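Asker: Supplied in structure tokens, the structure appears directly below.
The values are calculated or read from the model by the stated rules, or taken from the named source; none is laboratory data. Note that the structure is a prediction, hence the values are computed from the model and not measured. Neighbour counts run over all protein chains shown; Cβ positions are idealised from the backbone, glycine included. For accessibility, only protein heavy atoms count, side chains too; no ligands or nucleic acids. Shrake-Rupley method; radii C 1.70, N 1.55, O 1.52, S 1.80 Å.
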Amino acid sequence: MSVRNRIEIVHGVNLDQLGRREETMYGGLSFDALEYRITAWASELGLTTRFFQTNHEGELVEHLHTLEGLADGLLINPGAWTHYSWAIRDALEIAALPAVEVHLSDVQQREEWRRHSVVADHCLSTVSGKGPDGYRDALILIKEHLDG
Ligand code: DQA
């Protein structure tokens, strides 16, 4: 059987603005620096990555539609869409890939409206509140799942 190691890293709204966002919540890392770290962690684990970020909900939905046959697993941080985008939740269902939901900040300890995720039931698990290191944890979870 062929190796299943292609991980799609998907970021939603406002995450391209990391570095300009509240440092106490999100840390000072720029978005490019975050992607660089994720690439390095993935390669240590024998995983390959592709990245996608958009501030347009429909673009994220359409991107998820394209993944069939191109990715074996998914890391997704939808940003604020996490809390209300039923469209992204349905697109995740269509993509039908093993996925881990990631948040830099600890969404459970923030405002009430951030405590609910509409995508969580289509993800294997959620990693939240660990800053950039949470992406490494999420890559490990996906790898363990793919290695079965
Ligand atoms: C976030 C948490 C969301 O509530 C917020 O809207 C974001 C970032 C995080 O990574 O902590 O944009 O997904």
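Asker: Let me spell it out: the conditions are (1) farther than 20 Å from Thr24 by Cα; (2) within 12 Å of the ligand (Cβ to nearest atom); (3) of a type in the set (D, E, K, R), and Glu93 meets all of them except one. Which number is the exception?
Answerer: The failed condition is (2).
Asker: Right, another one. Which residue is nearest to the chain's Cα centre (by Cα), if the candidates are limited to the range 70-103 and must be open to solvent by 40 Å² or more (accessible area, probe 1.4 Å) and more than 22 Å from Ile38 (Cα to Cα)?
Answerer: Here the answer is Arg89.
Asker: Could you give me the residue pairs with C-beta distances under 7 Å whose first residue belongs to the range 1-25 and is of a type in the set (Lys, Arg), whose second residue is assigned to a helix (DSSP H, G or I) wherever it lies, and which are 6+ apart or on separate chains?
Answerer: Arg4/Leu146
Asker: Can I ask one more? Which of the residues belonging to the range 104-135 are open to solvent by 70 Å² or more (accessible area, probe 1.4 Å), assigned to a loop (DSSP other than H, G, I, E, B) and out of contact with any helix residue (DSSP H, G or I) (no Cβ under 7 Å at 6 or more places or on another chain)?
Answerer: Result: Glu111, single match.
Asker: Specify the residue that is nearest to the ligand (Cβ to nearest atom); the eligible residues are those in the range 9-38 that are open to solvent by 60 Å² or more (accessible area, probe 1.4 Å) and modelled with pLDDT of 95 or more.
Answerer: Top of the filtered list is Asn14.
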